[in-house]
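The values are calculated or read from the model by the stated rules, or taken from the named source; none is laboratory data. All values derive from a computational prediction rather than experimental measurement. Every residue, glycine among them, receives a Cβ derived from its backbone with ideal geometry; neighbour counts consider all protein chains shown.
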Amino acid sequence: MNDDSRRHPFRDSHQDREQSHHTPDTPQTRSPAYRLAFDDSDFMCREELRPVRLQLELLKPEMGLDEHGINSTVVMFGGARIPEPAKKDTARTQTLADLSCYYEEAREFARLMTLKSMETGNKDNVIVTGGGPGVMEAGSRGAVDAGGVSVGLNIVLPFEQAPNEYVTPELCFNFHYFAIRKMHFLMRAKAITVFPGGFGTLDETFEALTLIQTGRMEPVPFLLFGKEFWEKIINWEALAEAGTISADDLDLFRFVDTAAEAVEVIENWDIQPPRKEVPGR
């Protein structure tokens with residue numbers, strides 16, 4: 001830490017943490033009770049400390065994004081299992097192999113949006129993905145193609161996984177709490193794009209749509225890539241006909257099939273204020 005940046009005259013916490021690792025070896029200093037609270041991983045992982053951990057997971061990425069000047073983002077949700085076209089022969093199903101075209105569309109979309117972001121000279125509309133494979137990798141890769149940066153919001157899973165190699169290392173974060181990760185996806189979002197995917201993609205899609213539907217979030221361009229895929233797995237019209245959503249809710253999103261089409265839709269989207277009431281209630 002640069003001492004010139006400190007706002008107080010007190011001893012620095014880094015100094016005390018380092019000093020505490022060099023105390024005399026006695027029964028007292030070996031006791032867990034003697035550890036500095038913020039340097040005690042066992043203490044920090046206690047159930048009672050969950051509120052503190054939630055706050056830390058909110059703060060760390062927020063501060064990191066602020067420090068790197070990330071003003072706003074374009075969100076890319078999509079399946080981790082969708083392969084790039086060159087590897088579609090490794091896909092578990094023919095459908096996944098066929099969906100590999102959306103890896104290329106995701107990569108191209110990220111490239112185009114990153115170029116537009118760089119043209120402004122600031123860090124608006126920076127690509128953010130879940131940091132993993134499939135569509136997420138394609139988004140990070142497209143940002144690299146354009147010579148720009150991308151944000152990766154990873155999460156710890158019970159099986160081995162790692163961030164894709166294209167995420168900007170300084171903007172690659174890791175989460176324990178799904179809820180805080182979801183907040184970070186949307187807190188800076190100026191557009192949301194969703195590519196074909198599974199449970200995780202559907203979860204993220206409907207949570208974001210619900211926030212906009214209920215007026216809890218400002219409407220932003222919301223694009224579903226692959227109209228045939230989305231209309232096959234979800235009967236949107238049936239929801240409206242049943243009255244469980246309103247017909248107006250179907251206007252909260254648009255279908256697109258190509259990166260170029262998506263960019264055009266985003267540029268011409270008619271931004272509306274947050275809803276003050278839910279249509280149909």
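Taken over the stretch 247-281, the criterion of being loosely packed, with under 13 Cβ neighbours inside 10 Å and in contact with a helix residue (DSSP H, G or I) (Cβ under 9 Å, 6 or more places away or on another chain) is satisfied by Glu267, Pro274, Pro279, Gly280. The residues listed here are Asn154, Asn164; of these, the one that is touching an Asp or Glu at 6+ places or on another chain (Cβ under 6 Å) and crowded, with 18+ Cβ neighbours inside 10 Å is Asn164.
Within the stretch 250-281, the set of residues being among the β-branched types (Val, Ile, Thr) and part of a helix (DSSP H, G or I) comprises Val263, Val265, Ile266. Against the numbered list (1) surrounded by fewer than 18 Cβ atoms within 10 Å (Cβ to Cβ); (2) acidic (Asp, Glu); (3) in a helix (DSSP H, G or I); (4) in contact (Cβ under 8 Å) with a residue 24 or more places away in the chain, Glu137 comes up short only at (1). State which residue is farthest from Glu119 (Cα to Cα) when the search covers only the stretch 150-178 and only residues that are of a type outside the set (Ser, Thr, Tyr) and in contact (Cβ under 8 Å) with a residue 60 or more places away in the chain. Only one residue tops the list, namely His176. Among the conditions (1) surrounded by 11 or more Cβ atoms within 10 Å (Cβ to Cβ); (2) at pLDDT 95 or above, the only one that Glu18 does not satisfy is (2).
Yes or no, residue by residue, for (1) touching a residue at least 40 places away in the same chain (Cβ under 8 Å); (2) under 26 Å from Gly197 (Cα atoms); (3) surrounded by fewer than 22 Cβ atoms within 10 Å (Cβ to Cβ):
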{"position": "Cys45", "(1), (2), (3)": "no, no, yes"}
{"position": "Asp66", "(1), (2), (3)": "no, no, yes"}
{"position": "Gly78", "(1), (2), (3)": "yes, yes, no"}
{"position": "Glu84", "(1), (2), (3)": "yes, yes, yes"}
{"position": "Leu96", "(1), (2), (3)": "no, yes, yes"}
{"position": "Ser100", "(1), (2), (3)": "no, yes, yes"}
{"position": "Tyr103", "(1), (2), (3)": "no, yes, no"}
{"position": "Ile127", "(1), (2), (3)": "yes, yes, no"}
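Scanning the stretch 157-168 for residues that are within 14 Å of the chain's Cα centre (by Cα) and either of a type in the set (A, V, I, L, M) or under 17 Å from Gly78 (Cα atoms) (or both) turns up Pro163, Asn164, Val167.
The requirement of being free of Cβ contacts under 8 Å to residues at least 60 places away in the same chain, assigned to a helix (DSSP H, G or I) and within 23 Å of the chain's Cα centre (by Cα) is not satisfied by Glu241.
Residues in the stretch 244-259 that are over 22 Å from the mean Cα position of the chain (by Cα) and among the aliphatic types (A, V, I, L, M): 3 in all. Looking across the stretch 168-217, the residues that are among the β-branched types (Val, Ile, Thr) and not in a loop (DSSP other than H, G, I, E, B) come down to Ile180, Ile192, Thr193, Val194, Thr201, Thr205, Thr210, Ile212. Residues that are closer than 19 Å to Gly139 by Cα and either in contact with a Lys or Arg (Cβ under 8 Å, 6 or more places away or on another chain) or of a type in the set (Phe, Trp, Tyr) (or both): does the stretch 261-277 have at least one? Scanning the stretch 261-277 turns up at least one residue that is closer than 19 Å to Gly139 by Cα and either in contact with a Lys or Arg (Cβ under 8 Å, 6 or more places away or on another chain) or of a type in the set (Phe, Trp, Tyr) (or both).
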